[in-house]
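Note sheet for the following structure.
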Amino acid sequence: MPDLTLARGRLTAEITLRPFSLTLRRDARRLLRNLGFWVAEGTANDHFVQWTEGVVANEELGPHERATRAELAVEPAGSHATLKVRFEGGRLGQLTLGFGDAERFTLELSVDGTPLRVATDWDRRSEEHFVGLGARHGTELDQRGRAVQLGADRRYTGPDCPPEMLSEGGIPQGDCAPTPWMLSSRGYGVLALTDANGTRFDMAGERTSVSTRALAGPLRLEFMCASTPAARLRALCRRTGYPMLLPEWGYGFWKSRDVHEDREAILDDFYGFRAARIPLDAIVVDSPWATQYNSWEINPHQIPEAEQLIRMMRDDGVRTVLWCTPWVNIDSRDGQIPPQPESEKLHREPAPNYAPGADAGHFVKNADDDEPYVGQWWMGTGSIVDFTSDAAEAWWREQVKRVLRQGVEGIKMDDGDGYYLKDEVRLADGRTGGEAAWALGGLHRLSLQRALDEVHPGSGVLFGRSGWTGQHATGLTWAADQASDFWSLRALVTATLSAAASGYSNWSHDIGGYLGHRLVERCPPELLIRWLQFGCFTPLMQAHSRMAHEPWAYGERMVDTYRNYVLLHEQLVPYVRAAAATAARTGLPIIRPLCLIDPADPRGWELTDAYGYGPALWVAPVLDDGARELEVELPRGDWIETWSGELVEGGGEVIAPAPVGQIPVWVRAGSIVVTHPAEHVYAGLGDTPESERPLVATLWGRPPLGRASARLADDLRVRWSVHDGWTLSDPEREVEFRRLGAGT
């Protein structure tokens, strides 16, 4: 019998004091079995590889000191208790346990002394699977059998990895959007409440553990225990924020390139896509565009008459997005520099906003003085804005608003990752880098979104790369830098599903791969087509690369293929925004791994190469060079293959034809899919108010209950029933009705 029992709703925590252990149940079922704690002395020797932004995790840990017994510190109060805990060797700790609500169990452990690592662990069940932890860039969705240090887990092991690096685990790369959240097939999700480097989730042994470095403060965890994975993800979003519903152009097609060297390069993108008759919603001017990194002053030598250029494109329906990071440079010579002599001269000088920022104390500070912390990053040498300071945030936001008032409507936010902050640096809110390294990225996102809301309320879009707790709730996230090879595409799809299981709904990636083929060549044609197809069924379709991936560089057949998939993506925007509105209400992301759709299906926790796209579509990207057919796992139920219209029974594997121009896609039988007509979006989404846009409502197959409905982001409801046919909540809307597929 347990010595102490805490309960709320259907959850019960059973605690044995000597020897200490804890079991968490939902009804009679054990979710966590034999939970305990340990600490370990040691030293951290993580190595940062700056040229790839990769972290090589390295710790020397002493023996684990396990918690052996506990006693009540005070009498339990309702569903909470505070215990004194004794560890092997005599170390003491204080443990607070309780229920945040009827489906959320919380714990907080603080310990005496200065160990390196503080952890909790529990028995791993033999059939247990784990997903999440942010955008994990590997080939497996299930993290079972792995030990993951967030921020230090991404490795390239693709075909161009040197053998000597492969034997060491691959080339370390910067993690994209790590998130201290994990979903278990056993019936719980666990969130580590920390912003620190060194956070670890270990699923490799007989016991699952979550640990942080003690300099980050107490170990704080929350276990979300709702009955389904989707409900647990909703609990995470309720705790940390729901994804935003973006304006329509945030789900359109954006064109970028690594460097627009001058005004003519920007116009080359603009007029090139117009001449190719490929829809275009935004041009992203990546680095460099400013006088220095990051001055928020458009370089007049690189982009003369910038405001006129921005206005000209905007009048034709194309927005401008500008890139930034939270660094302000004193020396930008190591960064990318436009080729004009005047631009080269500017980049040798400190950014004009550096001295005012330093004098006002707006940067992260050194540990031993009041001077700004100065570091080297991939675009030079400078200091990081301290967004824990209200004054620094306001100073930065006002600079951002200056360029937004020139007509810029989107911001691409790069960097913000915790591995750039040393443990000893100081922040304005009193924390150190060791406590809050990963907090600044999210605060930067919020600052930029606030600037967009103040200048372009309801129409500005933020596009960010870094991630951590809650960053899924602001703007879009893209999946960092990939090489142009099929291994990287496969890893990207897996990262996309992992990110979705971590709450990321507004998601994108660089079509064709940013780094290029073997880092020196443009993307091979077949790979570009397969990546383009995956991009079509991603919330934001975005093309960005160091290489010349413009479709006309590949010939007319590529232009035609490119046009067709971008046009299809634009047509799907009403359907995608409807799914985005669902995410904003419930947390269920636009891209849906099978474990979120049908948690009782055992395939769902390991399926890495197919996914739900909104409520009705099932998509299987082609991830192998030369593949012309796929073996695809279909969810249970009846599905209609979109290319042929054939009805297929789900619940098992099907063979799908996949000629080079075709991606296998199915529609759940009986679903209504609402799109735009092609002629409405042939040039892009433009500026037509959402409520005035023409729509096409397609019923695929026959609904099994004789009725079907769809709800759009603007709350328009489209219904079909066997008795009443088609009906609309707003009869004045311009909607064309269609029926397709077997069974109609």
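The values are calculated or read from the model by the stated rules, or taken from the named source; none is laboratory data. The structure displayed is predicted, hence computed values, not measured ones. Quick reminder, even Gly has a Cβ in these numbers, built from the backbone with ideal geometry, and neighbours come from all protein chains shown.
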I'm checking my understanding of the structure. Among residues of region 1-40 that are surrounded by fewer than 18 Cβ atoms within 10 Å (Cβ to Cβ) and in contact with an Asp or Glu (Cβ under 6 Å, 6 or more places away or on another chain), which one is nearest to Arg124 (Cα to Cα)?
Arg33
From (1) touching a residue at least 24 places away in the same chain (Cβ under 8 Å); (2) under 22 Å from Arg136 (Cα atoms), pick out the condition that doesn't hold for Pro602.
(1)
Take Ala499 and decide whether it is closer than 26 Å to Asp414 by Cα, modelled with pLDDT under 95 and either touching a strand residue (DSSP E or B) at 6+ places or on another chain (Cβ under 6 Å) or in a loop (DSSP other than H, G, I, E, B) (or both).
no
Does region 90-100 include one or more residues that are more than 30 Å from Leu519 (Cβ to Cβ), of a type in the set (A, V, I, L, M), in the same structural domain as Leu183 (by TED's automatic domain parsing) and at pLDDT below 95?
no
Evaluate region 288-304: report whether one residue or more is under 28 Å from Thr688 (Cβ atoms), of a type outside the set (Lys, Arg) and either over 25 Å from the mean Cα position of the chain (by Cα) or assigned by TED's automatic domain parsing to the domain that holds Glu393 (or both).
no
Criterion: surrounded by fewer than 19 Cβ atoms within 10 Å (Cβ to Cβ) and either assigned to a helix (DSSP H, G or I) or assigned by TED's automatic domain parsing to the domain that holds Ala119 (or both) - qualifying residue of Ala265, Ala235, Ala226:
Ala265
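So that you can scan it fast, the table gives a plain yes or no per residue for (1) touching a strand residue (DSSP E or B) at 6+ places or on another chain (Cβ under 9 Å); (2) buried (at least 22 other Cβ atoms within 10 Å of the Cβ):
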{"position": "Phe105", "(1), (2)": "yes, yes"}
{"position": "Thr114", "(1), (2)": "no, no"}
{"position": "Pro162", "(1), (2)": "yes, no"}
{"position": "Pro178", "(1), (2)": "yes, yes"}
Would you confirm, using the coordinates I've provided, whether Ala67 is hydrophobic (A, V, I, L, M, F, W, C), more than 30 Å from Ala480 (Cα to Cα), in contact with a strand residue (DSSP E or B) (Cβ under 6 Å, 6 or more places away or on another chain) and surrounded by fewer than 16 Cβ atoms within 10 Å (Cβ to Cβ)?
no
Filter region 41-56 for residues that are surrounded by 12 or more Cβ atoms within 10 Å (Cβ to Cβ), at pLDDT below 90, not polar (S, T, N, Q) and not in a strand (DSSP E or B) and give the result.
Glu53
Is it fair to say Arg69 is without any contact (Cβ under 8 Å) to a residue 12 or more places away in the chain, assigned to a strand (DSSP E or B) and either closer than 25 Å to Asp153 by Cβ or in contact with a Leu (Cβ under 8 Å, 6 or more places away or on another chain) (or both)?
no
Does region 90-101 contain at least one residue that is under 16 Å from Thr212 (Cα atoms) and surrounded by fewer than 16 Cβ atoms within 10 Å (Cβ to Cβ)?
no
Please go through region 238-248 and pick out each residue that is in contact with a Ser or Thr (Cβ under 8 Å, 6 or more places away or on another chain) and in a helix (DSSP H, G or I).
Thr240
Region 298-314 residues that are more than 13 Å from Glu409 (Cβ to Cβ) and touching a residue at least 40 places away in the same chain (Cβ under 8 Å), paired with ones that are surrounded by 14 or more Cβ atoms within 10 Å (Cβ to Cβ) and hydroxyl-bearing (Ser, Thr, Tyr) (beta carbon under 7 Å, 6 or more apart)
Asn299/Thr291; Asn299/Ser343; His301/Ser343; Gln302/Ser343
Matching residues in region 23-50 - criterion: being within 26 Å of the chain's Cα centre (by Cα) and either assigned by TED's automatic domain parsing to the domain that holds Gly434 or without any contact (Cβ under 8 Å) to a residue 60 or more places away in the chain (or both)
His47
Is one or more of the residues making up region 414-430 in the same structural domain as Asp510 (by TED's automatic domain parsing), surrounded by 24 or more Cβ atoms within 10 Å (Cβ to Cβ), more than 22 Å from Ala177 (Cβ to Cβ) and among the hydrophobic types (A, V, I, L, M, F, W, C)?
no
Against the definition (outside any helix (DSSP H, G or I), surrounded by fewer than 24 Cβ atoms within 10 Å (Cβ to Cβ) and either of a type in the set (A, V, I, L, M, F, W, C) or in contact with an Asp or Glu (Cβ under 8 Å, 6 or more places away or on another chain) (or both)), how does Gly158 come out, yes or no?
yes
